[in-house]
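So the structure is just underneath, and the comments pick up after that.
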Amino acid sequence: MPAPAEEMPDWNAVPLRQLLQHILDNHHARLRELLPLIGQLMERVALLRDVRIFPLQRVFAHLQSELESHMRKEENFLFPAILRMEEGVAAGDPVPKSPFGSVRHPILMMEHDDGVVMRDLDDIRDITCGYDLHADACMALRALYRELQALEADLHTHIQLENNILFPRSARLEREGRVLH
């Protein structure tokens, strides 16, 4: 019997620290597993099937580059700034100044990056005809499409969590200068 699904907390109510840790431990960690795996599967498919999957490789390479850059910006700049804001406000201090001015500036950059990622995912879905496989598709191609679908599903959840919960809560924390629970 499968284990019961873990119930997700109400991300609008937990401390931002917990939400950030969830994003890092689940979504960023998953990307660090999936991106190299998908790259290896693409190489294997190209070699085994002697087919040209250049359009897919090109779009995926762009997507991978965007995601790696996006994660670095979040982990090195935005997430630490959000944590400092939350810690300062929780201690009763005013919202600390960040090196990039308002937290809204890097949030706008992250949202722009997310738009680029979504366009790349749409292109991948188009190139793969919605991950539609012929009955005679090899195991490597099946594995590649399965992992691309997993990547897409995880990115949709990841982006929704950031754009619809984390970013608005962070901007509100900065604006109102109080921890919201």
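Since every read-out is calculated from the coordinates, none of them should be taken as a lab result. Source: prediction; values computed, not measured. Here the Cβ positions follow ideal geometry from the backbone for every residue, glycine too, while neighbour counts run over all protein chains shown.
A few remarks follow.
- Extreme residue, positive dipole direction of region 16-174, given options GLY88, ASN164, PRO36 (C-beta unit charges): GLY88
- Farthest towards the positive end of the charge dipole of the chain, among the residues VAL117, LEU173, LEU47, is the Cα of LEU173, using unit charges on the Cβ of Lys, Arg, Asp and Glu.
- GNM flexibility winner over the chain from ASP120, ASP136, ASP93 (Cα, springs under 10 Å): ASP136
- Region 1-154: Cα Rg divided by the 2.2 N^0.38 Å rule of thumb: 1.29
- Kirkwood Rh and Cα Rg combined as Rg over Rh, evaluated for region 14-58: 1.30
- Difference of contour (0.36 nm per residue) and Cα-Cα distance, ASN76 to PHE100: 7.4 nm
- 0 to 90° range, to nearest 10: angle between helix 167-176 axis and the chain longest Cα axis: 10 degrees
- The C-alpha atoms of region 22-91 occupy a region whose extents along the principal axes are 61, 18, 11 Å, arranged from largest to smallest.
- Placing +1 on each Lys and Arg Cβ and -1 on each Asp and Glu Cβ, with no other charges, gives region 16-174 a dipole about its Cα centre of roughly 160 debye.
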